[in-house]
Amino acid sequence: MNAVTATAPTDAHAEASQSPTAPAPFTTPVVPGLRWSDALNLAMPFMDQTHIEFVDLLAAVQTARDDELVSRWQDLIDHTEAHFGQEDRWMADTGFAPGSCHMTQHAVVLKVLREGLALGEQVQLAPIRQMAHELTIWFPQHAQTMDAGLALHLKSVGYDLATGHVSEPEALPALAIRGCGGSCDSGDTDTSTHPEETA
Ligand SMILES: [Fe+2]
Ligand SMILES: [Fe+2]
């Protein structure tokens, strides 16, 4: 996501929102920009269910009236904290190093979403509208790369998402994973070098 554009609406947007005839981008409800599809399915029901809920909550933000927007955004943040938190735990349980790029991307996105909330609480709603739009672009890319890689990794070590049990501990990486867990190259597993983080 672009935190700069998300938190600093342009003068053009501000002017447009003040005109009685011009459209008011990012200040009114819009048709949801993202719907669940097979392309987002990672064949890991527990993870997929969380992602379905994320898509639904994001749609609720995009279709919210102005007087509902901050509350819907808060709902999305609450869910995303749990969503990212569980993936971070799964990574920690299966050999990822703290601060690996997938964890870092979660932290960055949550930080931006909270910045949007702070602005929304000051009745600056345009940044939330813009961030919601950007999430519709960011989420499929994240799910199809980092989350897909994590799902493959969890399956490879026989990780039980409900209990945290690893049924094939011999498949755990010998060295802590610092990259993206399957969505990057072989430089993922390395204790001496840190691949460039992708956010
Ligand atoms: Fe996810
Ligand atoms: Fe993720």
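General remarks:
- Candidates ALA132, ALA162, ALA176, filtered to the one that is surrounded by fewer than 17 Cβ atoms within 10 Å (Cβ to Cβ), out of contact with any Ser or Thr (no Cβ under 9 Å at 6 or more places or on another chain) and of a type in the set (A, V, I, L, M): ALA162
- Odd one out for ASP78, checked against (1) more than 13 Å from ligand 1 (Cβ to nearest atom); (2) in a helix (DSSP H, G or I); (3) over 30 Å from SER167 (Cβ atoms); (4) touching a residue at least 12 places away in the same chain (Cβ under 8 Å): (4)
- Any hit, the range 81-98, residues being of a type outside the set (Ser, Thr, Tyr), away from ligand 1 (no atom under 16 Å from the Cβ), at pLDDT 95 or above and in a loop (DSSP other than H, G, I, E, B): no
- Flag for ARG89 being in contact (Cβ under 8 Å) with a residue 60 or more places away in the chain, of a type in the set (D, E, K, R) and surrounded by fewer than 16 Cβ atoms within 10 Å (Cβ to Cβ): yes
- Residue satisfying all of: in the range 41-59; of a type outside the set (D, E, K, R) and farther than 17 Å from GLN86 by Cβ; farthest from ligand 1 (Cβ to nearest atom) among these: ALA59
- Condition check for GLY149: at pLDDT below 95, surrounded by 16 or more Cβ atoms within 10 Å (Cβ to Cβ), under 13 Å from MET91 (Cβ atoms) and not hydrophobic (A, V, I, L, M, F, W, C): yes
- Annotation: ALA64 fulfils all but one of (1) free of Cβ contacts under 8 Å to residues at least 60 places away in the same chain; (2) assigned to a helix (DSSP H, G or I); (3) touching a Pro at 6+ places or on another chain (Cβ under 8 Å); the unmet one is (2).
- From the list LEU117, LEU135, the one residue that fits, being away from ligand 1 (no atom under 14 Å from the Cβ) and assigned to a helix (DSSP H, G or I), is LEU117.
- The condition of being within 15 Å of ligand 2 (Cβ to nearest atom), of a type in the set (A, V, I, L, M), buried (at least 22 other Cβ atoms within 10 Å of the Cβ) and more than 17 Å from VAL31 (Cα to Cα) does not hold for MET44.
- Residue match in the range 95-111 (condition: in contact with a helix residue (DSSP H, G or I) (Cβ under 8 Å, 6 or more places away or on another chain), closer than 21 Å to THR28 by Cα and aliphatic (A, V, I, L, M)): no
The values are calculated or read from the model by the stated rules, or taken from the named source; none is laboratory data. From a predicted model like this one, the values you see are computed outputs, not experimental measurements. So basically every Cβ, Gly included, is an ideal-geometry build from the backbone, and we count neighbours across all protein chains shown.
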